[in-house]
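Below: the structure, in C-alpha cells.
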Amino acid sequence: HGHNLMVAGGSQDCRYNVSGSCNSTTGVMEKSDKEVASLRINLTYGDMNRLFFQNIASLSRNASDDVPYGSFSDYVRLNPYDSPYNADGSLNNDLAFYAANPLYEKNLSSYIRSRSGSFIDTFRIRWTILSSLRVEASFSYTPTKSEGETFYSPLSKRLYDKDAAKRGSFDVSNGPAVTLSGNAFVVFNKGWGRDNANLLSLTAGVNVESAQSESHSFSALGVLSDKLEHPSMATGFAESSHPGGSEDRSRMLGCYVNANYIWGNRYFVDLSFRYEGSSKFGADNKYAPFGSLGLGWNLHKERFLKGSAVSLLKLRMSMGYVGNAGFSPYQAQLAYQYSSSLQYNGGIGAVPVSMVNPRLKWERSLKRNLGLDFGLWRDRLNGSVDVYYDTTNDLVMDISKPAHIGFTSAKENLGKIRNSGIELSLRGNVLQRKHTNLNLFLNLSHNRNRIVEISDYLKNKNAENEANATSSLPAAFYEEGESMTALKVMRSAGINPANGKEVFIDRDGNPTYEYDYRDKYVAGDTTPAVQGSFGLSMSWRSFDLSMNFAYRLGASIYNQTLATKVEGASPTSNADRRVFYDRWKAPGDKARYKNIANRETTPPTDRFVATEYALEGSSLKLSYTLPDAFCHRLHLRRVRISASTGDLFNISTIRRERGLDYPFARVFQASLTVNL
C-alpha cells in the first residue's frame, strides 16, 4: 500500500512545494518485505521570467528484509516421504539426507536486513538576461549510507557440520558515499521569419563531479543462542577471515557546446562537442573529445506533399561518439596495500596491487542511426523506423601479464564489438466513433552483435572455460566474427538404444562416446531474432480498457530444467515422473534420457537446445468513470474506478520451470480516484 501527501502554495515571488510518500510491500514469502519513505521540499524565490533561485532537498529511506530460510525451490526438492512435523506436532528438523526443513528454519530468529538512506540537495539559479539569452547553474550534494546484516541462528542446518561453538553466523556490511556535482551553462535562442520558422539555439557549459565511497564488512561465527541477535554475541571471526573494506574516489571535468538550427521549420541541424576528463584513466589520456551530428528533414512541409494523406514524414540521421568510464577508479594508477604478514623491525610492508598504465584511455562507441517518422490520415496511423549501426572501440578489459612482473592481469584498451539492428514502432487509431475509440500498437526490434576484434582477456577466458568444461550448462566462448551471445555446444546423436549411453558427434562428423568441448559448434543465439510488444487501448462510453503483450521469437535456449533436474536429477531430492519413466532401462529402449544408473554429469549438447517462441500477457487494466450527473450530486468533479493485473500468462514453445527461487505473485490492484 502507498500513501502520498503534497502541500503547495506561496506568493508570486516565493513559492513552496512539500511532498512526502510512504510505500510498503509485503512479499509472497514470509519475512520478505520492503518499505520506502521519502520527503521532498522545493523552495523557489524570484521572478520565473527574469531571475529566480531554487533549492530542492529530498530525503529518502529504504528498508527491506529478505528470506533467511532458503528459496521456494527448497520446498520443491524435499522428498514426499519426509514429514514436516513430528508425531507430537512439533516441526521436524531431521529430514533425510540432512536436508533443512524450510518450515522449521522459518520459525528461527534468522534474518536478512538491508537499510539505506540518501539526502540530495540541489541549488539552482537561472538568470534571463535578454529574451534570447539566459544563464543557468546548479550544484548538488548527495550523501548516502547503506548497511546490511545477515544472521543465521545456531539452530539452522546451514552450519550443522560445525562444532557447537561455531554454529550461527553474522555477516555485517556498511558504507557511506558522497557525490558533489556542478553544472553551469549559457543558452542563446533566436527565432525569426514568419511564425519563427527559423530558429538558432546555442548552448555552452561546463560540468564537474566528485565521487567518494567506502565499504566496511566482517563475518563472525559462533552464536551460543538463537535469541542472541547481535554481532557482539559471536565468539569470533569466521575461519580464515578478517575485516574487509574498500575506498573509491574519482573526479570528472568536462565542457560542452551544442548548436541547433531550424530553417523554415523544414530542415534541422544539430551539432554537439564535448571534452570530458576523468581521473580513472591514465595520465596520458585523462581527457577525450566526443562529438555528434544530427540532420532532419520535414518532408511533409514540402509542397509536393501538401494536400496528400501524409500528415507527418520526417527523415533524420545522426552520428556521434559516446564514452564509457564504468569501472573501478584505480585501474590505471599504481596502488599499494599494507599487509600484516610483512612486518619487519617495527615497520609494516606494502605490496603493489594494481599496475600503472598511463596509456589507458576512454572506451568510445561510434553510434550511427537513420530514422523515419511518419503519420498518415491526420495521424490515424503513425510510427517510426530506426536503423542503427554501432561500433565500440578500445574496450577496457583485463589482459594476462607474465607473473614475473608481479601482476597476473591489468586493464588495457583492447577489442572491438559491433551492434546493428532495426527498430519499428506502429500505432493506429483503427476505430473512431462517437462513443467508441480503438487504438492498436506494435513495437518490434531486431539486433545483431559481432565481435570484430577479440582481446587477450577473452582468449584467456576461452582457455579457462575449456579447462573447466565439466559443467552441465554451456560456457561462453568468444570468437571473432561471432556473436557475443552465441550458444555453443557439442553435437549429439541421442541415446544409444543398445547401452543407454549418449553418442556425441565430433568435428569430423564421427560418432564417439568421448565428450570434447573443443568440438563445439554454434547451435544458435540466445538473443531473439525478433522481440517486442503489442497491445490495444479501447474506450466505450465511460469504460476504458488497455492490454499489453510481449513476445520473443527465434531465441536458442538451453533447457536447463531438462539437463539438471530430469536427466541430471539428484537421487537425494524429489523429482518428477520423467526421471524414472522416460529413461533408458533395457537394451532396445528408445529413450530421450540416458540410463538412470549413469551418475556422470550430463555435458552440454544440442540434445537440450530448442528454439523459443514466447508470448506473455504483461498487463490488463479496466477503468470506469462515473456519470457527471452523479458526481455533481455528490459535489465532486470526477470519480474514476480502476482495476488492473499483470503477468497474465506465459506461453512458450519451451517448457521450463519459472518462479522457483522466488514464486511469481498474481497481483491485482484496485484504485479509486476522486477529484474535488
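Has region 61-74 got any residue that is surrounded by fewer than 15 Cβ atoms within 10 Å (Cβ to Cβ), of a type in the set (D, E, K, R) and in contact with a Phe, Trp or Tyr (Cβ under 9 Å, 6 or more places away or on another chain)?
No, region 61-74 contains no residue that is surrounded by fewer than 15 Cβ atoms within 10 Å (Cβ to Cβ), of a type in the set (D, E, K, R) and in contact with a Phe, Trp or Tyr (Cβ under 9 Å, 6 or more places away or on another chain).
Are any residues in region 595-612 under 38 Å from the mean Cα position of the chain (by Cα) and either surrounded by 15 or more Cβ atoms within 10 Å (Cβ to Cβ) or polar (S, T, N, Q) (or both), and if so, which ones?
The answer is 601, 602, 603, 604, 605, 606, 607, 608, 609, 610, 611, 612.
Do you know which residues across region 616-639 are over 20 Å from residue 536 (Cβ atoms) and within 41 Å of the chain's Cα centre (by Cα)?
We begin by selecting, within region 616-639, every residue over 20 Å from residue 536 (Cβ atoms); these are 626-639.
626, 638, 639 - these are the residues of region 616-639 that are over 20 Å from residue 536 (Cβ atoms) and within 41 Å of the chain's Cα centre (by Cα).
Restricting region 639-667 to residues that are of a type outside the set (D, E, K, R) and touching a helix residue (DSSP H, G or I) at 6+ places or on another chain (Cβ under 7 Å), which is nearest to residue 576 (Cα to Cα)? Talk me through it step by step, then tell me what you get.
As a first pass, look at region 639-667 and keep what is of a type outside the set (D, E, K, R): 639, 641-646, 648-654, 659-660, 662-665, 667.
If we keep only those that are touching a helix residue (DSSP H, G or I) at 6+ places or on another chain (Cβ under 7 Å) as well, we get 639, 660.
Working: 639: 51, 660: 15 Å.
Looking at residues that are of a type outside the set (D, E, K, R) and touching a helix residue (DSSP H, G or I) at 6+ places or on another chain (Cβ under 7 Å), I get 660.
Which condition number in (1) surrounded by 17 or more Cβ atoms within 10 Å (Cβ to Cβ); (2) in contact with a Ser or Thr (Cβ under 8 Å, 6 or more places away or on another chain); (3) at pLDDT 95 or above is the one that residue 144 fails?
It is condition (1) that residue 144 fails.
Taking the residues in region 351-388 that are modelled with pLDDT under 75 and hydrophobic (A, V, I, L, M, F, W, C) as candidates, determine which candidate is surrounded by the fewest Cβ atoms within 10 Å (Cβ to Cβ).
353
Across region 26-57, which residue is nearest to residue 121 (Cα to Cα) among those that are more than 23 Å from the chain's Cα centre (by Cα) and of a type in the set (D, E, K, R)?
Here the residue is 40.
Of the residues in region 185-214, how many are open to solvent by less than 40 Å² (accessible area, probe 1.4 Å) and touching a Gly at 6+ places or on another chain (Cβ under 8 Å)?
Going through region 185-214 one residue at a time, the tally reaches 3.
Tell me, which strands (runs of 3 or more DSSP E) lie completely within region 584-676 with 1 or more residues that are touching a residue at least 40 places away in the same chain (Cβ under 8 Å)? Give the derivation first.
On the way: elements: 609-625, 638-652, 668-675.
Of the strands (runs of 3 or more DSSP E) lying wholly inside region 584-676, those with at least 1 residues that are touching a residue at least 40 places away in the same chain (Cβ under 8 Å) span 609-625, 638-652.
Test residue 152 against the stated conditions and say whether it is closer than 30 Å to residue 571 by Cα, at pLDDT below 95 and surrounded by 17 or more Cβ atoms within 10 Å (Cβ to Cβ).
It is true that residue 152 is closer than 30 Å to residue 571 by Cα, at pLDDT below 95 and surrounded by 17 or more Cβ atoms within 10 Å (Cβ to Cβ).
Exactly one condition in (1) within 30 Å of residue 506 (Cα to Cα); (2) surrounded by 15 or more Cβ atoms within 10 Å (Cβ to Cβ) is false for residue 660; which is it?
Here residue 660 clears every test but (1).
Among 90, 131, 114, 138, which is the only one that is more than 30 Å from residue 570 (Cβ to Cβ) and free of Cβ contacts under 8 Å to residues at least 40 places away in the same chain?
Exactly one of 90, 131, 114, 138 is more than 30 Å from residue 570 (Cβ to Cβ) and free of Cβ contacts under 8 Å to residues at least 40 places away in the same chain, namely 131.
Which condition number does residue 336 fail, the rest of (1) among the aromatic types (Phe, Trp, Tyr); (2) within 30 Å of residue 251 (Cβ to Cβ); (3) surrounded by 12 or more Cβ atoms within 10 Å (Cβ to Cβ) being met?
Failed condition: (3).
Is it true that residue 259 is over 30 Å from residue 212 (Cα atoms), open to solvent by less than 70 Å² (accessible area, probe 1.4 Å) and in contact (Cβ under 8 Å) with a residue 40 or more places away in the chain?
So residue 259 passes the test.
Checking residue 179 against (1) assigned to a strand (DSSP E or B); (2) touching a helix residue (DSSP H, G or I) at 6+ places or on another chain (Cβ under 9 Å), which test does it fail?
(2)
I'd like to verify a number: residues in region 476-508 that are in a loop (DSSP other than H, G, I, E, B), touching a residue at least 12 places away in the same chain (Cβ under 8 Å) and either of a type in the set (D, E, K, R) or surrounded by 17 or more Cβ atoms within 10 Å (Cβ to Cβ) (or both), how many?
10
Taking residue 241, is it among the polar types (S, T, N, Q) and either assigned to a loop (DSSP other than H, G, I, E, B) or surrounded by fewer than 15 Cβ atoms within 10 Å (Cβ to Cβ) (or both)?
Judged against the criteria, residue 241 is a match.
Collect the residues in region 295-325 that are under 30 Å from residue 359 (Cβ atoms) and either of a type in the set (Asp, Glu) or open to solvent by 70 Å² or more (accessible area, probe 1.4 Å) (or both), keeping them in residue-number order.
Of everything in region 295-325, those that are under 30 Å from residue 359 (Cβ atoms) and either of a type in the set (Asp, Glu) or open to solvent by 70 Å² or more (accessible area, probe 1.4 Å) (or both) turn out to be 319, 321.
Give the residues of region 155-182 that are surrounded by fewer than 17 Cβ atoms within 10 Å (Cβ to Cβ) and more than 28 Å from the chain's Cα centre (by Cα), sorted by residue number.
160, 161, 162, 163, 164, 165 - these are the residues of region 155-182 that are surrounded by fewer than 17 Cβ atoms within 10 Å (Cβ to Cβ) and more than 28 Å from the chain's Cα centre (by Cα).
Can you tell me which residue among 662, 593, 613 is modelled with pLDDT of 95 or more and either of a type in the set (Asp, Glu) or more than 25 Å from residue 537 (Cβ to Cβ) (or both)?
Details: 662 fails: modelled with pLDDT of 95 or more; 593 fails: modelled with pLDDT of 95 or more.
It is 613.
Please enumerate the residues belonging to region 275-294 that are in contact with a Leu (Cβ under 7 Å, 6 or more places away or on another chain), open to solvent by less than 50 Å² (accessible area, probe 1.4 Å) and either small (Gly, Ala, Ser) or part of a strand (DSSP E or B) (or both).
Our first condition is that a residue be in contact with a Leu (Cβ under 7 Å, 6 or more places away or on another chain); within region 275-294, this holds for 277, 281-282, 285, 293.
Those still in the list that are open to solvent by less than 50 Å² (accessible area, probe 1.4 Å) too: 277, 281-282, 285.
Within region 275-294, 277, 282 meet the criteria.
Please state which of the following conditions residue 448 fails to meet, knowing it meets all the rest: (1) under 21 Å from the mean Cα position of the chain (by Cα); (2) among the basic types (Lys, Arg); (3) not in a strand (DSSP E or B).
(3)
Between 541, 577, 552, 518, which is exposed (fewer than 14 other Cβ atoms within 10 Å of the Cβ) and within 21 Å of residue 610 (Cβ to Cβ)?
Unique residue meeting the criteria: 577.
For region 17-26, state whether one or more residues are of a type in the set (Ser, Thr, Tyr) and part of a loop (DSSP other than H, G, I, E, B).
no
The values are calculated or read from the model by the stated rules, or taken from the named source; none is laboratory data. Computed from a prediction, not measured in an experiment: that's the story for all the values here. In this analysis, Cβ positions are derived from the backbone assuming ideal geometry, glycine residues included, and neighbour counts consider all displayed protein chains. Accessible surface areas use protein heavy atoms only, side chains included; no ligands, DNA or RNA. Shrake-Rupley method; radii C 1.70, N 1.55, O 1.52, S 1.80 Å.
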